[in-house]
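Notes for the one structure printed next.
Just so it is clear, none of the values below were taken in a lab; they were calculated from the coordinates. Every value quoted in this text rests on a predicted model; they were computed, and no experiment measured them. Note that we place each Cβ from the backbone using ideal geometry, even for glycine, and neighbour counts take in every protein chain shown.
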């Protein structure tokens, strides 16, 4: 099990990759972000973006899936997240793009009241051309190692 | 059509509501955030949260859907978003919760290079008990009124 005490500030890791299909872009957007440049390949051609692009929230959701899969591989004692400090959708995500999640640990500190610790990290999703499409600084919580003195 | 020029700084609005079902929580989480407290009602009972809760990204996605529906009612000339400045998941969202989206316009400024303007707003999702479950400060882009001098 990976606990808060096992987190190393400054550590960087490549957590995984995912290829985004047109069908997945359309399914997410029709349910949660039905703007024509996310839901209609033809209408998207005449939009600002020149073609269909994924909802930014969809890119965040894909980042989360890669992140959870990495946590499961490491058996990390994840305990949720209070939120994110910033999120920038830097480039459009288009059908067929393969996104790779890179993460750097920026800071870690224990809770004063609960058996958990907070970890601030920078996550970047990079496409197959090496372009960063999403940059997030966020905080997650991990449980503390049970045998750690308070 | 509602263009950038029609945005009023300081304006507040109630944009809409949505009730979150257990089936929707499970479907989103199994695809994008498969942590047991989001995907398994039984396992969730023994978690930190004492029961099933929605993925924070799911709450953001529901906020986006309410927001897009409001934009469609107003015929707002939305042109995407560069990102969000902060996001805090303040309280768990549980099956059956009804979330209402409130928004306040904080700031608005035109692009120097493109026929769009930027709008910074604070969005809050409030549950049926009056608790704020999600608070986001973010930036969206709207097209400028076509007959506006540069």
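Quick notes
- Relative contact order [Cα under 8 Å, 6+ residues apart], chain B, whole percent: 30 percent
- Compared with the alpha-carbon gap, the fully stretched path from residue A:13 to residue A:27 is longer by 2.0 nm at 0.36 nm per residue.
- Relative to the longest principal axis of the Cα atoms of chain B, the long axis of helix B:22-32 makes an angle of roughly 70 degrees.
- Estimated distance in nm for a label pair at residue B:5 and residue A:72, the labels positioned 7 Å out from Cα along Cα-to-Cβ: 5.3 nm
- Ranked packing of B:66-72, A:58-64, most packed first, by mean Cβ within 10 Å: A:58-64, B:66-72
- Ellipticity estimate at 222 nm from DSSP helix runs (n ≥ 4, -39,500 (n - 2.57)) divided over the protein assembly as shown, nearest 500: -7500 deg cm²/dmol
- Remark: relative contact order (the stretch A:1-78) = 36 percent; criterion is Cα-Cα distance under 8 angstrom and separation of 6 or more residues.
- Restricting the calculation to Cα atoms, the protein assembly as shown shows an Rg/Rh of 0.97 when the hydrodynamic-style radius is the Kirkwood one.
- Note on A:21-34: average number of Cβ atoms from other chains within 10 Å of each residue's Cβ is 3.
- Rounded to the nearest 0.05, the FRET efficiency derived from the C-beta distance between residue A:131 and residue B:100 at R0 = 45 Å is 0.75.
- Percent breakdown of C-alpha pair distances by 10 Å bin, ordered from the shortest bin, for chain A: 11, 37, 29, 16, 6, 1, 0
- Between the beta carbons of residue A:90 and residue A:43, assuming R0 = 22 Å, the FRET efficiency works out to 0.40 to the nearest 0.05.
- Legend: mean number of C-beta atoms from other chains within 10 angstrom of residue C-beta atoms, peptide B:111-121, equals 0.
- Ascending distances from the residue B:111 label point to its copies in the other chains, with the point 7 Å along the Cα-to-beta-carbon line: 4.3 nm.
- Angle between chain A longest axis and helix A:56-74 axis [Cα atoms, degrees, rounded to 10]: 40 degrees
- Counting only other chain Cβ atoms within 10 Å of each residue's Cβ, the peptide A:85-92 averages 4.
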